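Data block below; observations after.
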Amino acid sequence: MDRQELQKVKLAIHDLINREQYGEALPIINEVLEKYPDDDATLNFMGYIHLMGDQPAFAYQYFRRALQESPSNKALWTSLGRAYHELDMFEDAIKCFLKSAELDPNYALAYSNSAASFVQMSEWKNAEDVCNIALDADPNDHNAQLNLAHAYLAQGEWDKGWKQWGKSLGNKFRKEWHYKDESRWEGQHNKNIIIYGEQGLGDEIFYASCIPDAIDVSNKVYIDCDPKLERLFQRSFPKAEVHGTRRDENINWIDNIQIDHRCAIGGLPEFFRHDSKDFPRHPYLIADEERKIMWKTLFDSYGKKVIGITTHGGNKRTNEKGRELTQEDLEPLLKNKDIVLVSLDYKNKHIDGIKYFKSATQSDDYDDTAALISELDAVIGVNTTALHCAAALGVKTTCLVPKYHQWRYAQPSMPWYRSMTLKYQDNKSWREVIESVNI
């Protein structure tokens, strides 16, 4: 393979990577590196494949090696920054992104990537500033638009935030459903609309506070939600027709109905939450009465306050490490003899001194979880679906907000729920934060 052939091979590798055919690209990359181990572009290809394979530590090594060969390559500095970002080394990531911008002040990707790291660090004004620089360089930079939405929403600039948020619909984190030949809903009144879930269970509950507003201005509202939420949403929104089919590829109930418009549930606030005073903050979920009686009978038998607890949540991309409580963190609650702690965690984990009812918390029907939560005296823990459900039911809820947090926890108080109090970790230990909570 001479140098002329090498260029053709690298173009072929680039094409395979663009089509996400990483398995086909890897043997070709290996063959190139055996002949040209110092080729910066091929090292970058290898790093990118590891990055996409959720192996940022390996990606980091390949990107660093590529930069040794080409230290003035702006794209390589951005690649290294992305590896740092995925390793949760956000300050180092920003240094790399700004190095890219130093090499090319008009390189939009450098700014939009640094915005993503600022968002992860909850530095909202910095995120806003670099997003605007990115959009000056490239008005169509979708990552900058999404990160700008986070920055605006975190700072309570609702109108601007929701408009930017709407531009993210259809990306890999916000799937857009199409049913018939209907168009996206733009807030028109007296229409038949279908509202569909497009993120996680907690997001559906969070944004569901806007469903009554949509019902008030529409002729007919259909809801396509997660199957776990079907019964809970049917009871809570009786004026809508609810189906738990959002995860089904083929659905039959739409065949004989007229749909004028579709709307992602995360798109509803754009039409109803323009200002802080637009948040009604009252409970909007209704738990099943018969199941509530069962839990009330059990909890009353304890003769003490019964407190729900969440000890972990999220995933690698949503600060899983920052949203975990240990037995030591919970010691102030565990040693309190006047309360009973009940787990609301949905994953298998055990801490001595906490009661577990997995038939409810790991049920395929969230009605089971909601009924349990509704009969608790209070709920405390890191942010998860259960905390949003508790607040939406009107249960006294204390959300322990990690140092690095999402935009929805950036305000001094949670505008979505009257019953939720935010307790910020800042630079304290979780044990110190929990000691300050009044149960």
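The values are calculated or read from the model by the stated rules, or taken from the named source; none is laboratory data. Quick caveat: nothing in here was measured; it's all calculated off a predicted structure. Note: ideal-geometry Cβ built from the backbone for every residue, glycine included; neighbour counts use all protein chains shown. With ligands, DNA and RNA removed, areas are computed over all heavy atoms of the protein, side chains included. Shrake-Rupley method; radii C 1.70, N 1.55, O 1.52, S 1.80 Å.
Okay, here's what the table says:
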item	result
For segment 328-439, convex hull of alpha carbons as volume per residue, Å³	111 Å³
3J(HN,Hα) from dihedral phi, segment 169-186, Karplus parametrisation 6.51/-1.76/1.60, rounded to Hz, x for glycine, proline	5, x, 7, 5, 9, 9, 5, 9, 8, 10, 10, 10, 10, 6, 9, 5, 6, 10
Most to least packed among 419-430, 232-243 [average Cβ atoms within 10 Å]	232-243, 419-430
Distance violations [Cα-Cα > 32 Å] among 347/403; 355/403; 337/428; 337/423; 125/228; 239/349	125/228; 239/349
Rg over Rh [alpha-carbon atoms, Kirkwood Rh] for segment 204-319	1.03
Considering only segment 263-371, percent of DSSP beta bridges that pair antiparallel, nearest 5	10 percent
Largest-first ellipsoid semi-axes for the chain, taking √(5λ) over the Cα gyration tensor eigenvalues, angstrom	42, 28, 21
Fraction of accessible area attributable to carbon and sulfur, the chain (%, probe 1.4 Å)	46 percent
Beta bridges per DSSP with both ends in the chain, % antiparallel, nearest 5	5 percent
For residue 194, residues with placed amide H under 5 Å, excluding near neighbours	222, 261, 262, 263
Accessible solvent surface per residue of the chain, calculated while the other protein chains remain in place, 1.4 angstrom probe, Å²	47 Å²
Ordering of 279-288, 198-207 by burial proxy (mean other Cβ atoms within 10 Å per residue, highest first)	198-207, 279-288
Centre separation in Å (Cα based) which lies between segment 1-69 and segment 284-325	48 Å
Cα-based helix-to-principal-axis angle, 74-86 vs the chain, degrees rounded to 10	30 degrees
Amide proton proximity set for residue 305, modelled H, under 5 Å, gap of 5+	340
Long-range amide H partners of residue 405 with built H, under 5 Å	122
Separation of alpha-carbon centers, segment 84-120 and segment 367-423, rounded to whole Å	32 Å
Rounded to 10°, Cα long-axis angle of helix 124-137 versus longest principal axis of the chain	40 degrees
Largest to smallest accessible area among 301, 117, 122 [probe 1.4 Å]	301, 122, 117
Size of segment 241-394 as Cα extents on the principal axes (Å, biggest first)	57, 36, 36
Selection of GluC sites (Glu not before Pro), segment 1-84, meeting DSSP coil and at most 13 other Cβ within 10 Å	20
Listed peptides 85-93, 244-252 by packing density, highest first (mean Cβ within 10 Å)	85-93, 244-252
Cubic angstrom per residue, convex hull over Cα atoms of segment 79-198	122 Å³
